[in-house]
Amino acid sequence: MKKIGLPHKQLGEMKRMSHSEELDKKILKRLAEPPGGGSFREVIKLDSGEKITHQCSMATGWASVHWRHQYEAHFLQPMPEWVSYEHPYHRRGLCELAVESKTKLPDAKPRSSASRESAQWH
């Protein structure tokens, strides 16, 4: 009986695609978690001049810094720019996820499947 399967190259691409999709789902799940609050404030100024203010506990702020350093030490490069705009709670979780899974975060922020489908119709 002859085995029918995908060529090795296509199989590798499918594994990478499913791994990437799986990582995107984990990222979106982390970003959906409520970040909490606290007395520590972080103000981020965007190129447009708009400001984003995040509030969190001091512990969350320091954990965010710690995991950013862990990410940079592990991958020998800074975290993607979009991550720096996220709440410190989410930033910590994303860097921790990346380091523990030994997978760099994507260069662009993942979008939910609903927002991708919506973008296709506009």
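The values are calculated or read from the model by the stated rules, or taken from the named source; none is laboratory data. Since the structure is predicted, the reported quantities are computational estimates derived from the model, not experimental observations. We place every Cβ from the backbone using ideal geometry, glycine too, and count neighbours over all the protein chains shown.
Residue pairs, Cβ under 6 Å, 6 or more apart or interchain, first in segment 13-37 and closer than 9 Å to PRO110 by Cβ, second surrounded by 12 or more Cβ atoms within 10 Å (Cβ to Cβ) and at pLDDT below 80. List them.
Pairs found: LEU28/SER112.
Is there any pair linking a residue in segment 52-70 that is closer than 24 Å to GLU100 by Cα and part of a helix (DSSP H, G or I) to one that is of a type in the set (Val, Ile, Thr) and modelled with pLDDT under 95, with Cβ under 8 Å and at least six apart or on different chains, and which?
Cβ pairs passing all conditions: none.
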